[in-house]
Amino acid sequence: MRAARLIFFATLVAFSALWSAAGTVHHVRFAQPSTVLVWQDDALIGQGEIVPLLAASDFAPEDIFGSGQLVSSIEVTGHSQTVRIASNTGFEIRAVDGAPLEDVSVRVVGVGENAQATESSGSSQTLFRQSAQTAFRPGSPQSQSITLEILWQGATAPRLLVTVL
């Protein structure tokens, strides 16, 4: 009799365990955070949700008068900087401190073989807005990037940020 009770309770526990396992549903979600990758002069300068763009003066030391080099004393007013950006979401390029942007422009000069450029309009502080991810097909991050040229007037480069939408 004792063995019959033990078998009965073991069977009851086994069926209740099977019953509860059959009702369990696991919802699995894989998420990739919004990220941009930014290259300048073929060097990765940042990745994440916000990436500051480096000014041209951050890469090359300025020529100093009297250093033994012949340099023009005439101030050059037009400058440019080229960056490549790959993203898994839309992004925009905007000024850091709300500086006026009337003398700054951005244009697409290249699109990778696995990339797409979908420029759209933004706010008054937005120079460039990519409304969708740059990746169009699977491939390396560099092949999924777009190349942008930033042009500005004046002696100092604008302080800009690349931010995800």
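Please treat every number below as a calculation from the coordinates, not as lab data. Remember, it's a predicted structure, so these values are computed and weren't measured experimentally. A quick note on method: Cβ atoms are made from the backbone with ideal geometry, for glycine too, and the neighbour counts reach across all protein chains shown.
Stretched out straight at 0.36 nm per residue, the stretch from Val108 to Ile7 would grow longer than its current Cα-Cα span by 28.8 nm.
Once the Cα-Cα distance is subtracted from the 0.36 nm per residue extended length, the Ala43 to Ser140 segment shows a gain of 33.4 nm.
When Phe15, Phe30, Phe91 are arranged by Cβ crowding within 10 Å, least crowded first, meaning fewest neighbours, the order is Phe30, Phe15, Phe91.
Can you tell me the dipole magnitude for the stretch 76-165 around its Cα centre, using point charges on the Cβ only (Lys, Arg +1; Asp, Glu -1), in Debye to the nearest 20?
Computed charge dipole of the stretch 76-165: roughly 200 debye.
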